[in-house]
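Encoded as structure tokens, the structure appears first; notes follow it.
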Amino acid sequence: MEKEIRAIVLGAGKGTRMKSNLPKVLHEIFAKPLIGWVLDSINNLPYKNESIVIIGHGAHDVEEYLNHNYKYVKTTLQKEQLGTGHAVAQAVPILHGYRGTAIIVCGDTPLITTKTLRELIKFHEENASDLTVMTTKFDNPTGYGRIIRSVKDEVMKIVEEKDATESQKEIKEVNTGVYCLDWAKIRKAFNELKNNNAQGEYYLTDIIKWARENSYKVLGYETKNNEEIYGINSRQHLAVASNIMKRRYLDELMTKGVTIVDPESTYISPDTEIGEDTIIYPNTYIEGRNKIAKNCKIGPMTHLRGGCEVGEGSKIGNFVELKNAQIAKKTNVCHLSYIGDAEIGSHVNIGAGTIFANYNSITKKKKRSVLEDGVSVGSNSVIVAPVHLGKESFIAASSCITKDVESHALAMTRVHQKEIKNWVKDNKEKK
């Protein structure tokens, strides 16, 4: 049988320090909400899985995003914000009867990877643990809950910094907020947690104490990459996480044979695939899910907004923007153009300043245009969707194309040039 897991994702927080009406988990990196990055890492695990997202602040917006983008996700509402332990308790009725492995992950940690989650689950199961806390180490662990281990290396408890002794504050191993548990055994904890603390909240960390009191085995799995647990609580955090994500993906691309001329000024979403020997020039920004083939040249000053495919040997030049466009091999879109909702063939040339008018602001709908192989579009032209330009048709410069064009035909909509002699001189004299 295919192995199953369940994931509980904490996404109810408001994110007060974000200073925003938008729920914290819907703030974006590379046009994808934070919670989307977390769910993608979970969904890429090599197991049959289902996620339960705990929603609270901005519940309607979060639920709408999840329903539109994720198939195997359920939501449950935390009506009152009574702590992280209380949040997980909302998933207990949904997981009634489930007896397998479960993981708990924070919805504001977009840098967590599938590899790390897989290693956590593997460690948990190979060591026959009942509850495993994912930990990491910082040279300066200020602000994090410290991991207290026994002489047998089991986790005894997590001590928050405000409650830690001076010697405990010297501990560099900290709680990441990620847990793996035998759900059938540990689920009872969420109905028995106490809120006898200054905040009157039910803390998720208290399941460690509960598990040990009930003679369950509690271990800690240390991940070496402490960047992955980086939680977003402010706009500054969002910027830091964005840069970490872009840096590690650019490193991965360069390792695979992609040339990044200037990594400092280049931003590429990890959802974008790029083939070897492609060159990415400075000040290029690529967001969303795209596929760029081998031997392409992208940039400088290029923006891909998602849903784009660029065929082998094609060039997308400076100050070009693409959105939901499929471009075949050896096609040039060299400069100062916008290509949106289009299917463009091979060996096509798009002249400078070409605009695809694809959006009707009254109906709020977009329409597509198709350009077959070998089409040449002259500079400063407008392609008004929906139109179909036949094979090797030629669009004269400064044309506004609103109808289909046959193969091998020339289409032009210019008025005849008119010249008024001495117009400048005469107007200067009148002034």
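Of the set (1) free of Cβ contacts under 8 Å to residues at least 40 places away in the same chain; (2) in contact with a Pro (Cβ under 8 Å, 6 or more places away or on another chain); (3) among the basic types (K, R), all apply to R118 but (1).
Quick check, is G177 open to solvent by less than 20 Å² (accessible area, probe 1.4 Å), touching a residue at least 60 places away in the same chain (Cβ under 8 Å) and not β-branched (V, I, T)? Yes, satisfied. For E273, the conditions (1) part of a helix (DSSP H, G or I); (2) open to solvent by 80 Å² or more (accessible area, probe 1.4 Å) all hold with the exception of (1). Here I280, I292, I286, I298 are screened, and the one residue that is over 27 Å from L120 (Cβ atoms), in contact with a His (Cβ under 8 Å, 6 or more places away or on another chain) and buried (at least 16 other Cβ atoms within 10 Å of the Cβ) is I286. Only residues that are open to solvent by 70 Å² or more (accessible area, probe 1.4 Å), outside any strand (DSSP E or B) and in contact with a strand residue (DSSP E or B) (Cβ under 9 Å, 6 or more places away or on another chain) were counted in region 384-405, giving 5.
Would you mind stating whether T302 is of a type in the set (S, T, Y), under 19 Å from L253 (Cα atoms) and touching a residue at least 12 places away in the same chain (Cβ under 8 Å)? Yes. Among the residues making up region 317-349, none is touching a residue at least 40 places away in the same chain (Cβ under 8 Å) and surrounded by fewer than 17 Cβ atoms within 10 Å (Cβ to Cβ).
Considering only residues of region 350-365 that are within 13 Å of V320 (Cβ to Cβ) and not small (G, A, S), which is surrounded by the fewest Cβ atoms within 10 Å (Cβ to Cβ)?
So, considering only residues that are within 13 Å of V320 (Cβ to Cβ) and not small (G, A, S), the one surrounded by the fewest Cβ atoms within 10 Å (Cβ to Cβ) is I355.
Taking the criterion of being within 16 Å of I208 (Cβ to Cβ), open to solvent by 60 Å² or more (accessible area, probe 1.4 Å) and not aromatic (F, W, Y), the residues of region 134-154 that qualify are R149, K152, D153. Considering A189, A241, A184, the condition of being surrounded by 15 or more Cβ atoms within 10 Å (Cβ to Cβ), in contact with a Pro (Cβ under 8 Å, 6 or more places away or on another chain), not in a loop (DSSP other than H, G, I, E, B) and not charged (D, E, K, R) is satisfied by A241 alone. Checked against (1) among the hydroxyl-bearing types (S, T, Y); (2) surrounded by fewer than 17 Cβ atoms within 10 Å (Cβ to Cβ); (3) in contact with a strand residue (DSSP E or B) (Cβ under 9 Å, 6 or more places away or on another chain), S381 passes all but a single condition, namely (2). Look at (1) out of contact with any Leu (no Cβ under 6 Å at 6 or more places or on another chain); (2) open to solvent by 30 Å² or more (accessible area, probe 1.4 Å) and you find that P263 fails only one, number (1).
Condition test on A211, is it more than 24 Å from P141 (Cα to Cα), of a type outside the set (V, I, T) and either open to solvent by 60 Å² or more (accessible area, probe 1.4 Å) or touching a Leu at 6+ places or on another chain (Cβ under 6 Å) (or both)? Judged against the criteria, A211 is a match. Counting residues in region 210-224 that are within 27 Å of the chain's Cα centre (by Cα) and more than 18 Å from T114 (Cα to Cα) gives zero.
Checked against (1) in contact with a strand residue (DSSP E or B) (Cβ under 7 Å, 6 or more places away or on another chain); (2) open to solvent by 30 Å² or more (accessible area, probe 1.4 Å), V415 passes all but condition (1). Restricted to region 192-208, and to residues there that are in a helix (DSSP H, G or I) and within 16 Å of D163 (Cβ to Cβ), the residue that is least open to solvent (accessible area, probe 1.4 Å) is I208. In region 155-174, the residue that is most open to solvent (accessible area, probe 1.4 Å) out of those that are of a type in the set (A, V, I, L, M, F, W, C) and in a loop (DSSP other than H, G, I, E, B) is I171. Would region 199-220 turn up any residue that is within 30 Å of I298 (Cβ to Cβ) and in contact (Cβ under 8 Å) with a residue 24 or more places away in the chain? The answer is no, given that none of the residues of region 199-220 is within 30 Å of I298 (Cβ to Cβ) and in contact (Cβ under 8 Å) with a residue 24 or more places away in the chain.
Residue pairs whose Cβ atoms lie under 7 Å apart, sitting 6 or more positions apart in sequence or on different chains, and linking a residue in region 264-282 that is over 21 Å from M301 (Cβ atoms) to a partner that is part of a loop (DSSP other than H, G, I, E, B) and polar (S, T, N, Q), are D277/N295.
The values are calculated or read from the model by the stated rules, or taken from the named source; none is laboratory data. Since this is a predicted model, take the numbers as computed values, not measurements. Don't worry about glycine lacking a Cβ; one is built from the backbone with ideal geometry, like all the others, and counts go over all protein chains shown. Each accessible area value is taken on the protein alone, full model and side chains, heavy atoms only, with ligands, DNA and RNA left out. Shrake-Rupley method; radii C 1.70, N 1.55, O 1.52, S 1.80 Å.
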